[in-house]
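Working notes, beginning with the structure itself.
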């Protein structure tokens, strides 16, 4: 009988099982970090939008209305309360309203509820109001 080289079926199955166990332990941690990073990115984007809104108010004395939306930061509103001292070139660089990390539009209300001057929010991964975990909303007034 010749010396046969190679792996037996048992050896291959043991390696596959070990790889499966490792994937089961490592992948959830990696995926959890990705979602956490998306939440942090959404918070950074909201803070950036808040800064642009504050600059808009500083120049014009008011925040854009809900119907003018965040677009008022890049295009001078021509309807509703028209800003007299709108900054040439807008309030965001580059001149575009970012989408949230899930590819959806941020939601903007002005005035906001409960006496807030405005509210900016992302509905999270499910793009539906409410939710928990990856589907939780990110709300400007609840960020630390």
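The values are calculated or read from the model by the stated rules, or taken from the named source; none is laboratory data. For clarity, every value in this text was computed on a predicted model and none was experimentally measured. All Cβ positions, even for glycine, are placed from backbone atoms using ideal geometry, and neighbour counts span all protein chains on display.
For the range 63-74, state whether one or more residues are out of contact with any helix residue (DSSP H, G or I) (no Cβ under 6 Å at 6 or more places or on another chain) and within 20 Å of residue 125 (Cβ to Cβ). There is no residue in the range 63-74 that is out of contact with any helix residue (DSSP H, G or I) (no Cβ under 6 Å at 6 or more places or on another chain) and within 20 Å of residue 125 (Cβ to Cβ).
The one condition from (1) part of a loop (DSSP other than H, G, I, E, B); (2) surrounded by 15 or more Cβ atoms within 10 Å (Cβ to Cβ) that residue 88 does not meet is (2). Residues that are assigned to a loop (DSSP other than H, G, I, E, B) and surrounded by 11 or more Cβ atoms within 10 Å (Cβ to Cβ): does the range 11-31 have at least one? The answer is no; no qualifying residue exists.
Quick check, is residue 95 closer than 23 Å to residue 41 by Cα and not in a loop (DSSP other than H, G, I, E, B)? Walk me through it before giving the result.
Numbers: closer than 23 Å to residue 41 by Cα: yes; not in a loop (DSSP other than H, G, I, E, B): no.
Against the criterion (closer than 23 Å to residue 41 by Cα and not in a loop (DSSP other than H, G, I, E, B)), residue 95 does not qualify.
Residue 46 passes every criterion in (1) part of a helix (DSSP H, G or I); (2) modelled with pLDDT under 90 apart from (2). Condition check for residue 66 on (1) buried (at least 17 other Cβ atoms within 10 Å of the Cβ); (2) touching a residue at least 40 places away in the same chain (Cβ under 8 Å); (3) under 16 Å from residue 141 (Cβ atoms): one failure, at (1).
Just give me the residues in the range 82-94 being within 18 Å of the chain's Cα centre (by Cα) and touching a residue at least 12 places away in the same chain (Cβ under 8 Å), in sequence order. Talk me through it step by step, then tell me what you get.
First pass over the range 82-94, keeping only residues within 18 Å of the chain's Cα centre (by Cα): 92-94.
The answer is 92, and nothing else.
For the subset of the range 99-110 comprising residues that are outside any strand (DSSP E or B) and free of Cβ contacts under 8 Å to residues at least 24 places away in the same chain, which member is surrounded by the fewest Cβ atoms within 10 Å (Cβ to Cβ)? Ranking the candidates gives 103 first. Counting only residues that are outside any helix (DSSP H, G or I) and either in contact with a strand residue (DSSP E or B) (Cβ under 7 Å, 6 or more places away or on another chain) or surrounded by 14 or more Cβ atoms within 10 Å (Cβ to Cβ) (or both), the range 118-142 holds 15 of them.
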